[in-house]
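Below: one structure, written as structure tokens.
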Amino acid sequence: MKIEVSSIFYDALEARYRADIVEAIATLEVYFKVPVGIGEHSDLLSEHDKWVEKLAAAEDKLAALREHFQQVQPDGSSEQDSSKKGDQ
């Protein structure tokens, strides 16, 4: 059972986790494609691992947020309800 919430904090958390995911993916892409981008780091494997860890943490947090909470609009409809209307 999900807890229904109508809160700007839900939006803020979701946006933060999505931004963290994009940042980690972008950083890893640069590290994999242009390794000179991490010239100041002597332990390249650890630097890659650090960003994979950040990516996994953000994905886990976003999944947990979505698993336990469901955002409802001020009119009482859920995000799922409004997305279904757009499919029609």
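Computed from the coordinates by the stated procedures, all read-outs in this text should not be read as laboratory data. Everything numeric here is computed off the predicted structure, so don't read it as measured data. All Cβ positions, even for glycine, are placed from backbone atoms using ideal geometry, and neighbour counts span all protein chains on display.
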- Query: Taking neighbour counts of Cβ atoms within 10 Å as a proxy for exposure, in what order, fewest first, do 30, 72 appear?
  - Reply: 30, 72
- Query: How big is the convex hull of the Cα atoms of segment 3-82, per residue, in Å³?
  - Reply: 95
- Note on the structure: In the neighbourhood of residue 24 defined by beta carbon distances under 14 Å, the net charge of the other residues (Lys, Arg +1; Asp, Glu -1) is -3
